[in-house]
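Engineer: I am attaching a structure below and will ask some questions about it afterwards.
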Amino acid sequence: MEEYVTLEEMLCFREEKVRIQEELRDRHPGETVVALGMNIPGPKKTSPRILLAFEEGEKTLARLFAQKELEVSEEAQLKENAGYLRFYSVKCPDAFFIKSLMIQIEESHPLGRLFDIDVYDADGGGIGRGALGTSSRRCLICGQDAKICGRSRNHGIEELYKHVENMIRLWLKEEAD
């Protein structure tokens, strides 16, 4: 059943994300931690279609790690009403290299704009797109800088959510063909 996420659920989800990241970092010193989530605007973070898209993200990362011969020491998962997360502790100390691979996925996969892939170095510091000279993420609808567009509220939550659902629907149709 699809439910709206509460503020309390969202805050608990974020706290749990940090806890899992820290546990992975403590158990696997010197490794890079990758967190795959979904970029879903609004209060509805889960649905059968969003789950399918998330699972595609998991498969895409698994294929990439195998292609690049990157060993994953441990994985962890979080699936709650507030969203879906998959964590990977990757035996690679070069977090910038890992981030560059994740940006390639975000920019080339049909669902890449919906994937939210965070990368953390061995000290737990987040590696942002700007650290690699990559432009910030674009708005789902108009293509402007997503943060600026979001702050100015150029698009309503319903419009954004319908766009997300449509992106997933088109991807599913392409997969079926």
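The values are calculated or read from the model by the stated rules, or taken from the named source; none is laboratory data. The shown structure was predicted, so the numbers you read here are calculated from the model rather than taken from an experiment. All Cβ positions, even for glycine, are placed from backbone atoms using ideal geometry, and neighbour counts span all protein chains on display. Surface accessibility is based on the protein's heavy atoms, side chains included, excluding ligands, DNA and RNA. Shrake-Rupley method; radii C 1.70, N 1.55, O 1.52, S 1.80 Å.
Engineer: Given the -39500 (n - 2.57) contribution per DSSP H run of 4+ residues, what per-residue ellipticity at 222 nm results for the chain, rounded to the nearest 500 deg cm²/dmol? Please list the in-between numbers first.
Structural biologist: Numbers: 5 runs with 82 residues, N = 177.
Computed ellipticity for the chain at 222 nm equals -15500 deg cm²/dmol.
Engineer: Something else about it: Would you pull out the residues with amide H under 5 Å of ASN154's amide H, same chain only if 5 or more places away, H placed 1.01 Å from N?
Structural biologist: none
Engineer: Let me ask something else. Roughly to the nearest percent, how much of the accessible area of the chain is carbon and sulfur, given a 1.4 Å probe?
Structural biologist: 50
Engineer: What dipole magnitude, in Debye to the nearest 20, does the chain give about its Cα centre under +1 on Lys/Arg Cβ and -1 on Asp/Glu Cβ?
Structural biologist: I would put it at about 580 debye.
Engineer: Also: Count neighbours as other Cβ atoms within 10 Å of each site's Cβ, and list the trypsin sites (Lys or Arg not before Pro) in segment 128-174 that are DSSP loop with at most 14 such neighbours. Before the final figure, lay out each step's value.
Structural biologist: Working: sites: ARG129, ARG137, ARG138, LYS147, ARG151, ARG153, LYS162, ARG169, LYS173; in loops: ARG137, ARG153.
Sites meeting the loop and neighbour criteria: ARG153.
Engineer: Using a Cα distance threshold of under 16 Å, what count of lysine pairs results for segment 1-146 when pairs must be 8 or more residues apart or interchain?
Structural biologist: Eligible lysine pairs with Cα atoms under 16 Å apart amount to 8.
Engineer: Considering only DSSP states other than H, G, I, E and B, which GluC sites (Glu not before Pro) in segment 7-76 qualify as loop sites with at most 13 other Cβ atoms within 10 Å?
Structural biologist: Sparse-neighbourhood loop GluC sites (Glu not before Pro): GLU69, GLU71.
Engineer: Based on the Cβ-Cβ distance from ARG138 to THR6, what FRET efficiency comes out when R0 is 41 Å, to the nearest 0.05?
Structural biologist: 0.90
Engineer: Just the ratio, please: alpha-carbon radius of gyration of the chain over 2.2 N^0.38 Å, N its number of residues.
Structural biologist: 1.02
Engineer: Also, quick follow-up: Need one value: the accessible area of MET10 in square angstrom, 1.4 angstrom probe, rounded to the nearest 10.
Structural biologist: Counting only protein heavy atoms, the figure is 40 Å².
Engineer: With the other protein chains left in place, how much accessible area per residue, in square angstrom, belongs to the chain at a 1.4 angstrom probe? Walk me through the intermediate numbers first.
Structural biologist: Details: 9600 Å² over 177 residues.
For the chain, the per-residue accessible area is 54 Å².
Engineer: For SER152, SER73, give the ranking by accessible area with the largest first, probe 1.4 Å.
Structural biologist: The ranking, largest first, comes out as SER152, SER73.
Engineer: In square nanometres and to one decimal, what's the mean projected area of the convex hull around the Cα atoms of segment 73-131?
Structural biologist: In nm², the orientation-averaged hull projection of segment 73-131 is 4.7.
Engineer: For the pair LYS162 and ASP123, what calculated FRET efficiency results from E = 1/(1 + (r/R0)^6), where r is the Cβ-Cβ distance and R0 = 41 Å, to the nearest 0.05?
Structural biologist: Efficiency for this residue pair is about 0.55.
Engineer: Skipping prolines and chain starts, which residues have an amide H placed within reach, meaning under 5 Å, of the one on LYS45, given they are 5 or more residues away or on another chain?
Structural biologist: The answer is VAL5.
Engineer: GLN144: net charge of surrounding residues, Cβ under 13 Å, Lys/Arg +1, Asp/Glu -1, itself excluded?
Structural biologist: Result for the local shell: +4.
Engineer: Compute the relative contact order of segment 94-177 as a whole-number percentage, counting only Cα pairs closer than 8 Å that sit 6 or more residues apart in sequence.
Structural biologist: 21
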